[in-house]
């Protein structure tokens, strides 16, 4: 059975850089996007007044801003909820790394 296409179906501004999002699978997410607003397209969104101009594009199924910036709905669906720390994934090679031989001497 094919996987359903993820779409944002509702958006609400809930903070300077935070959005409350509803997805077509019923999921709700409250996300703070400030850490992701890097690069020339996203730089204007660091201004809370500009960020607040977010709208839902029902054709694309995601959030967009007047300068053309948008974020993939899949990215938003998997983005950690506001207040939840993002953790780095452990390297798949971590089991192959040698222990620090000098740790016991410290």
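The values are calculated or read from the model by the stated rules, or taken from the named source; none is laboratory data. As the structure is a computational prediction, the values presented were derived from the model and not from experiment. No Cβ is skipped: glycine too gets one built from the backbone with ideal geometry, and neighbour counts run over all protein chains shown.
If I go through segment 23-51 residue by residue, how many of them are part of a loop (DSSP other than H, G, I, E, B), touching a residue at least 24 places away in the same chain (Cβ under 8 Å) and farther than 19 Å from residue 9 by Cα?
Of the residues in that region, 2 qualify.
Residue-wise test of (1) touching a helix residue (DSSP H, G or I) at 6+ places or on another chain (Cβ under 9 Å); (2) surrounded by fewer than 13 Cβ atoms within 10 Å (Cβ to Cβ); (3) at pLDDT below 95.
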{"residue": "23", "(1), (2), (3)": "yes, no, no"}
{"residue": "28", "(1), (2), (3)": "no, yes, no"}
{"residue": "33", "(1), (2), (3)": "yes, no, no"}
{"residue": "46", "(1), (2), (3)": "yes, no, no"}
{"residue": "51", "(1), (2), (3)": "yes, no, no"}
{"residue": "63", "(1), (2), (3)": "yes, no, no"}
{"residue": "79", "(1), (2), (3)": "yes, no, yes"}
